[in-house]
Amino acid sequence: MIRPVPAVAAMQPYALADTASALMSLAQNESCFPPAPAVLVAGRAALARGALYPDPDWHALRQAIAAVHRLDPGAILCGAGSMELIGALVRAFAGPGDEVLAPEYGYIYLATACRQAGCAYRTAPEAGFTVSVDALLAAAGPATRIVFVCNPGNPTGTRLPNAELLRLRAALPPDVLLVIDQAYGEFDDQDPAPIFALAGRGDTCVLRSFSKAYGLAGARCGWGLFPPAIGTEVRKLLNPNNVAAASQAMAAAAMEGEAYMRETVARTAAIRRAFTARLEAAGFKPPESHTNFVLIPFAGMAEAQAVDRALRQRGYLLRGMAGYGLGHCLRATVIAEGPMLDVAEIIIAAVATHRAGATA
Ligand SMILES: *Cc1c(COP(=O)(O)O)cnc(C)c1O
């Protein structure tokens with residue numbers, strides 16, 4: 001019999017969203033806007049050169065990123081999605097006996113990355129769906145090698161002020177690596193410069209993605225800002241030629257087309273606000289989102305499940321949150337305004353029906 005190594009045999013597979021169905025997906029926080037036209041032109045041109053390996057150093061892409069954010073291109077690494085960078089960071093800096101610490105509702109892929117690396121994954125409580133810097137500091141111990149914070153957060157959508165992240169960094173020991181995942185950073189109106197500047201300390205990394213605001217989830221491209229000594233180790237664990245040539249070309253063109261991204265982000269936020277306002281008017285209390293999704297808490301797990309069934313019947317798929325310990329919540333990615341408001345009405349009606357049944 002062929003046997004896997006025990007740690008792999010014991011692992012649960014990563015719980016992907018349910019994508020096989022014909023339902024309209026609000027489950028993966030993909031952009032509801034297509035990539036910009038110039039991005040498609042750049043991608044097609046790169047496909048015509050498909051006989052060649054991609055640039056293993058991501059030159060043009062790093063230049064485009066560095067120009068927009070006024071960063072040192074040498075401090076940037078690109079990944080096949082920022083998930084690849086997360087996995088490499090954990091494997092490089094946390095192993096058996098070590099611990100990675102995240103907020104209670106931290107990005108669930110991190111737990112998988114920790115199992116792959118053989119290190120422990122631990123969480124610190126949040127307060128009202130918002131990361132608590134004090135709780136993270138209280139939970140950090142001698143085994144803590146990495147503290148990982150998404151800001152804005154997934155699945156909560158909430159954000160910490162930059163000043164809180166600076167306070168966290170200043171209070172953590174300098175031998176603890178802080179990773180700030182800004183996959184939704186483009187939806188946050190705070191100035192990113194003070195966060196990028198943290199990489200200059202040598203003990204902090206900042207991650208970004210092309211999958212959300214830039215509408216390139218299918219291209220699998222993310223990037224991060226790494227202190228030189230951290231980046232050197234992470235790079236050893238990336239596949240050489242990790243980002244496909246067409247993906248690099250599309251991502252670079254997307255970065256150069258800031259105006260299109262800003263416009264789609266503004267339109268996404270407007271739809272999100274209309275959706276949230278409708279739910280709030282009906283008595284729901286979603287935490288304030290700074291992303292392209294909304295977390296919706298219900299009275300309990302049974303109510304959330306009843307809403308999920310009603311939405312599926314009407315052709316919509318939201319993301320269940322039981323894997324995050326939030327079985328009473330559903331997460332809704334922003335889609336076009338008409339269907340999004342339809343989703344709000346279905347939720348409101350389904351809850352009314354469920355509550356009437358519960359009291360009958
Ligand atoms: C979507 C997401 C990512 C990134 O994903 P990639 O597609 O791999 O770039 C990273 N972190 C969080 C919190 C996300 O929601």
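Details
- Apolar share of the accessible surface for segment 246-360: 56 percent from carbon plus sulfur atoms, 1.4 Å probe.
- If the segment from ALA352 to VAL176 were pulled out straight at 0.36 nm per residue, it would be longer than the present Cα-Cα gap by 58.5 nm.
- For the chain, a crude dipole built from +1 on the beta carbon of Lys and Arg and -1 on the beta carbon of Asp and Glu, taken about the Cα centre, is about 580 debye to the nearest 20.
- Counted charge near PRO142, where neighbours are those whose Cβ lies closer than 14 Å (Asp, Glu -1; Lys, Arg +1): -1
- Cβ-placed point charges (K, R +1; D, E -1), dipole of segment 208-360 about Cα centre in debye, nearest 20: 240
- Per residue, the convex hull around the alpha carbon atoms of segment 210-360 comes to 151 Å³.
- Average accessible area per residue (Å²) across segment 310-360 - probe 1.4 Å, nucleic acids and ligands excluded: 43
- Euclidean distance between Cα centres, segment 7-41 to segment 225-271, Å: 17
- Accessible surface of THR123, taken over heavy atoms with a 1.4 Å probe and every protein chain present, rounds to 60 Å².
- The share of accessible area on segment 120-213 that comes from carbon and sulfur is 58 percent, using a 1.4 angstrom probe.
- Cα gyration tensor shape of segment 3-61, rounded if a/c is under 1.5, else prolate or oblate by comparing a/b with b/c: oblate
- Only Lys, Arg (+1) and Asp, Glu (-1) charged, at Cβ; segment 85-154 dipole about Cα centre in debye: 260
- Listed residues THR276, THR264, THR232, most fluctuating in the chain (Gaussian network, C-alpha, under 10 Å): THR232
- Ordered by 1.4 Å accessible area with all protein chains kept, MET11, MET24 run largest first as MET24, MET11.
- Across ARG62, ARG167, ARG159, the residue with the most accessible area heads the list, and the full order at a 1.4 Å probe is ARG167, ARG159, ARG62.
- Positive-pole candidate from ILE86, ALA254, SER21, dipole of the chain, charges at beta carbon: SER21
- Translational diffusion of the chain, µm² s⁻¹ [Kirkwood Rh, Cα pairs; Stokes-Einstein; 10 °C; 1.306 mPa s]: 75
- Alpha-carbon Debye profile of segment 129-225, log10 I(q)/I(0) at 0.18, 0.19, 0.20 Å⁻¹: -0.83, -0.92, -1.01
- Inter-part distance, segment 299-358 to segment 72-91, computed on C-alpha centroids, equals 35 Å.
- For segment 81-170, accessible area per residue (1.4 Å probe, heavy atoms of protein chains only), Å²: 33
The values are calculated or read from the model by the stated rules, or taken from the named source; none is laboratory data. Model, not experiment: these values are computed from the prediction. Neighbour counts are summed over all protein chains in view; Cβ atoms, including those assigned to glycine, are modelled from backbone coordinates with ideal geometry. Remember, those area values only see protein heavy atoms, side chains included, never the ligands or the DNA or RNA. Shrake-Rupley method; radii C 1.70, N 1.55, O 1.52, S 1.80 Å.
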